[in-house]
Amino acid sequence: MAIDGGFKEFLIELFEPVGSVIFKNMFGGTGIFKHGLMFGLVMDDRVALKVDGETEQDFIDEGMEQWTYSREGDKAARKRNFGYWYMPERLLEDSEELYGWAMKAFDVAVRADMKKPPSKRKLQG
């Protein structure tokens, strides 16, 4: 479900220090983008950030859970991992600390994009 207007406005203000952040409704939630790369998502009023092998331990150390997706009607009810972990709730109250976590997530998105062939890269600006 896409996020409601009030929460979206709150997140826009919270992520403002990150710069050039765009929120796009997609996949029943909302993607968080910077320079054409998705580095976060919002589902059920919770924010998840993109992780890789370099940053996943930060989320584990915080006791956070991985965002997973299972398709409605999937007989096997398999949960799929897309490399996003829910961020600590306290970051909703601390834009300075959020900035560090968000920039790490953006760096993960950049690293993933740079692994693609040049014609498939999405990084803009």
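Only the coordinates and a few stated rules stand behind these numbers; no lab work does. In this text the structure is predicted, and so the values were computed from the model without any measurement. Backbone-built Cβ (ideal geometry, glycine too); neighbour counts: all protein chains shown.
Simple point charges give the picture: +1 on the Cβ of Lys and Arg, -1 on the Cβ of Asp and Glu, and for the stretch 5-118 a dipole about the Cα centre of about 880 debye. Taken along the Cα-to-beta-carbon direction at a fixed 7 Å, the label points for LEU123 and PHE7 span 3.2 nm.
Using just its DSSP H runs of length 4 or more, each adding -39500 (n - 2.57), the chain gives a mean residue ellipticity at 222 nm of -9000 deg cm²/dmol after division by all residues. In plain terms, the chain from ARG46 to MET26 could stretch by 5.7 nm, reckoned as 0.36 nm per residue minus the Cα-Cα distance. Quick one: P(r) of the stretch 4-58 from all Cα-Cα pairs, 5 Å bins, percents rounded to integers, in order of increasing distance. Spelled out bin by bin, the stretch 4-58 gives 4, 18, 30, 24, 16, 6, 1 percent. State the Cα centre-to-centre distance between the stretch 1-68 and the stretch 84-105 in whole Å. Cα centres, the stretch 1-68 to the stretch 84-105: 9 Å.
Here the contact order of the chain, divided by its residue count and restricted to Cα pairs under 8 Å and six or more residues apart, works out to 25 percent.
Label separation (GLU65 vs LYS115): 2.6 nm, computed from points 7 Å beyond Cα along the C-beta direction.
Which of TYR86, TYR69 comes first, and how do the rest follow, when ranked by fewest Cβ neighbours within 10 Å? Intermediate results must be reported in sequence, preceding the final value.
On the way: TYR86 18, TYR69 15.
So the ranking, lowest neighbour count to highest, is TYR69, TYR86.
Across all C-alpha atoms in the stretch 5-118, the radius of gyration and Dmax reach 14.1, 43 Å.
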